Amino acid sequence: MKKNKKANTFQLLVVVFTLCITPHTQSLAQERPNFIFILTDDQQYGMMGCTGNEIVKTPHLDKLSQDGVLFTNAHITSAICTPSRASILTSQFERKHGVNFNSGTSMSEEGWKNTYPMVMRNNGYYTGWIGKNHVPVGKGGYDSGVMEKSFDYWYAGHGHLGFYPKERHGIFKDAEMDTQVEVVGEGIQDFLSNEQKLEGALKFIDQRPADRPFMLSVCFNLPHGAGTGSMEMRNSDDEIYKTLYRDKNIPLPKNYVAKKDIVAPKLPKEIHRANDRQLGYNYVDTPEGHRERYIRQMEAMTGIDRLVGQLRKTLKDQKLDRNTVIVFTSDHGLFMGQFGLGGKAFCYEVTTHIPMIIFDPKSKKSTRGKTSDALVQSIDIAPTMLTMAGVAIPDSYQGENLGEILAGSETAVRSFLYTENLWSTQFGNPRCEAVQDMEWKYVRYYKNENLSASKKIATAKAMDINMNSMLYQVHDPDIALYRDFVEGPLNGEQAVYEELFNLKNDPEEATNLAMDEVYTKELEKMRTVWEMEIKMARGEDTPMVLRYTADSEAERGLIIQPK
C-alpha cells in the first residue's frame, strides 16, 4: 500500500506540474505580443494622407494611424541612414554608439548583443529581418556574417537594394516579383505563413514555432533615391510605378528655390559647401526634376501602403492580428529644394521630423485613433517594444518607454529633444547639433575644414584614380577625425554659427532669430540646454565599435565596397 501511495503521490505531482506549469508557460508565450517593425528610408513627414498629404494615396497607413497612435512630433537622432538605423537598434545617440559612414567603425558583437532584436531573441522571441541593412556589425563589417547568423529568418541585403533588388543581391533571386516593395512583401508572407518557400532566405529553424512570439523587422530602401532613382517603369512593373500621379498637378514645397534663383544661401558658404553636394540630389535644382522625383516617391509610398494592407490581412488570416504590435516610422526626412537645399544630414525639421505610428491591438479603444505631439525620438522605439514584451531594458539604452503616452496616462516623456549631424565630409554638409522644446529650437555649427569633393573629383580624373575609392573610402586617420568631431564640443570647441527658431510661429525655420537682441534670453537658455543634452547624448561609456576602414580590410586582403 505504501508503494502505491507513493506512486499515486508521484502521479498527482506530475498532473499538478502539467496543469500548473506547462499551461502557464504556454500562455506566457501566447500572451506576449508579436512585433512587426516597419522602417522606410528618406520618408518625409508629410508623405501620407494621415500626415497631411492631399495627393498621395495611403489608405492602409491612414487606417493604421486611426487604429493606433500617430506621433506628430517624432524625430530621429541623426539625419542620415547608418547612424540613424544604428540609433534605432541600440537606443543610443550616435555620439554614444559611434557608427557612421565616416566613422571608420563597425558595431562590435558586444554592442550588437544589446540591440533590440538580439535582446528579444535572448528572451524567447523568434526573430526575422527582411529588406535592407545599413549598419556594419562585427569584424569586417558587412562581410562579417554576424547579422545573418543572428536571426532565425534573414532575407535581406547590406546597403542599398535599388528598385530591382535581385540585380544587386543574390539572396532575392528566387522572388517571383522584381520590384523592391513586392520582393520584401514576398519575404514577409514567407515569414508569416511558415511556407518557407524562398530558397534564398537564411533560416535556422525550419518553421516559426507556434509557441514562441516573433519580432520581425521590415526595412525598406524606399522612397530613398537609391530606389526611386533606379525606377525604370519596365513592362513588368505594377501600374502603380508607371502611371500613378503623373496626371496630377504637383505643387512645389513651401520655400522652394531653384538653383538658378538662389541669391542668399540658407547657411554661410564656409559652413555648408553646397557646391560639393552629392550629384544624386541634383533633381532638386529644377521644378521639373523635383516633380519627377516626388511622383516616384509617392508611387513608392503607395506601394508600401498596399504592402501594409496585405500584411494586416495576412495577420488576420493567420489569427495573429489580435496579438501583433505594428510600429511604423522612417530613418529620417529629406530636403526637396526648400531654401535650395537637397539631401539630408542637417538638423532642420525637414530632415529630423519623421512619421511614427504605434498600433497595439490590445490597447483600450479609448486610446486609439489619437495623435500625440509629445517630443519623442526613434531611440524610444526599442525600450517601448521591450517593455510591451515584458523584457528588461538594457542599461545602455538612452531612449524612453512610450507606454504611458500610448495608454493615455501621460502626455510627455522629455522636455527637450536633441539631434546631431556628425556626417561632415567632402560633400560639404555641416557638423551641427540642435536642441528644441515645444516652442524653441537652437542649432549650432562648427568649422567645416574638410577637403572639397570637387577637388577630390578633379584629382581623381587627372590621376585616373577610381572615383568611388577617392570619395567613399574611409581610412584609419579618419577615425581620429571623427572622434574629434564627437569629443570636440565637449572639450570646449566653439560654435562658429548659431540659429534660433520659434517653431510655433516659424515651423519652416525660415527666420533665424539668434542675432536678434530681443531673443537673447531664449538664446542663452537654449545654449544651457544644449550643454546638458550633448553630455547626456555622449554618455560616459566607450563606444562599442571595431576598426572598419579600407586599411583594416586591406590587411585582410579585402576591399570595402561602398554601401
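For ASP476 and ASP321 in the same chain, what is the full-extension length gain: residue separation times 0.36 nm, less their Cα-Cα distance, in nm? If you can, show how the numbers build up before the last one.
Values: separation 155, 0.36 × 155 = 55.80 nm, distance 4.88 nm.
Value of the extension gain: 50.9 nm.
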One point scatterer per Cα, no solvent, Debye formula: log10 I(q)/I(0) for region 161-210 at q = 0.16, 0.22, 0.30 Å⁻¹ comes out as -0.43, -0.74, -1.16
The size of the Cβ-based charge dipole (Lys, Arg +1; Asp, Glu -1) of region 452-563 about the Cα centre, to the nearest 20 debye, is 460 debye
In whole percents, the bins of 5 Å from zero upward hold the Cα-Cα pairs of region 448-563 as 2, 8, 12, 14, 13, 12, 12, 12, 8, 4, 2, 0, 0
Here the net charge surrounding GLU195, from other residues whose Cβ is less than 14 Å away from its Cβ (Lys, Arg +1; Asp, Glu -1), is -4
So, over other residues within a Cβ distance under 12 Å of GLU404, counting Lys, Arg +1 and Asp, Glu -1, the net charge is -3
Stretched fully, the stretch from ALA510 through ARG246 gains (0.36 nm per residue minus C-alpha distance, one decimal, in nm) 92.0 nm
With the charge dipole of region 302-369 built from beta-carbon charges (+1 for Lys and Arg, -1 for Asp and Glu) about the Cα centre, the Cα from LEU341, GLY309, PHE328 projecting farthest to the positive end belongs to GLY309
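Counting only protein heavy atoms and using a 1.4 Å probe, what share of the accessible area of the chain belongs to carbon plus sulfur, as a whole percent?
Numbers: 12610 of 24420 Å².
Roughly 52 percent, rounded to a whole number.
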Contact order relative to length for the chain, counting C-alpha pairs under 8 Å separated by 6 or more residues, stands in percent at 23 percent
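Test of understanding: express the Cα radius of gyration of region 232-310 as a ratio to 2.2 N^0.38 Å, with N the residue count.
Cα Rg divided by the expected 2.2 N^0.38 Å: 1.40.
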Quick calc, ALA412 & SER366: beta-carbon distance into FRET formula, R0 22 Å, rounding 0.05, result 0.70
Averaged over all viewing directions, the convex hull of the alpha carbons in the chain casts a projected area in nm² of 30.7 nm²
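Given a Förster distance of 35 Å, report the FRET efficiency between GLU54 and LYS139 from their Cβ-Cβ distance, rounded to the nearest 0.05.
Result of the calculation: an efficiency of 0.10.
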The farthest towards the positive end of the charge dipole of region 74-190, of the residues THR179, GLY131, TYR116, given +1 on Cβ of Lys and Arg and -1 on Cβ of Asp and Glu, is TYR116
log10 I(q)/I(0) for region 375-529, Debye formula on C-alpha points only (no solvent), q = 0.09, 0.18 Å⁻¹, two decimals, reads -0.46, -1.12
The rounded separation in angstrom of the Cα centers of region 243-299 and region 441-506 is 22 Å
A student asked for the Cα radius of gyration and Dmax of region 509-563 in angstrom ought to give 21.1, 60
So, with points 7 Å from each Cα along the Cβ direction, the GLU449-ASN255 label distance in nm works out to 3.0 nm
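List the relative contact order of region 61-203 as a percent without decimals, with contacts defined as Cα pairs under 8 Å and 6+ residues apart.
Answer for region 61-203 is 16 percent.
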Cα convex hull volume per residue for region 294-448, in Å³, equals 161 Å³
With the convex hull built on the alpha-carbon atoms of region 251-296, volume per residue in Å³ sits at 85 Å³
The convex hull of the Cα atoms of region 80-180, divided by residue count, gives a volume in Å³ per residue of 103 Å³
Of the residues LEU279, THR40, GLY170, the Cα lying farthest along the dipole of the chain towards its positive end, which is defined by charges on the beta carbon of Lys, Arg, Asp and Glu, belongs to GLY170
Lys and Arg at +1, Asp and Glu at -1: neighbours of GLU540 with Cβ under 14 Å from its Cβ sum to +1
Rounded to two decimals, the Debye log10 I(q)/I(0) of region 232-273 (Cα scatterers, no solvent) at q = 0.22, 0.29, 0.30, 0.33 Å⁻¹ is -0.80, -1.05, -1.08, -1.12
Asserting the computed 222 nm helical MRE of the chain (DSSP H runs at least 4 long, -39500 (n - 2.57) per run, divided by residue count, to nearest 500) equals -9500 deg cm²/dmol
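The values are calculated or read from the model by the stated rules, or taken from the named source; none is laboratory data. Quantities reported herein were computed from a predicted structural model and do not represent experimental measurements. Glycine also receives a Cβ, built like all others from the backbone with ideal geometry; neighbour counts cover every protein chain displayed. Accessible surface areas use protein heavy atoms only, side chains included; no ligands, DNA or RNA. Shrake-Rupley method; radii C 1.70, N 1.55, O 1.52, S 1.80 Å.
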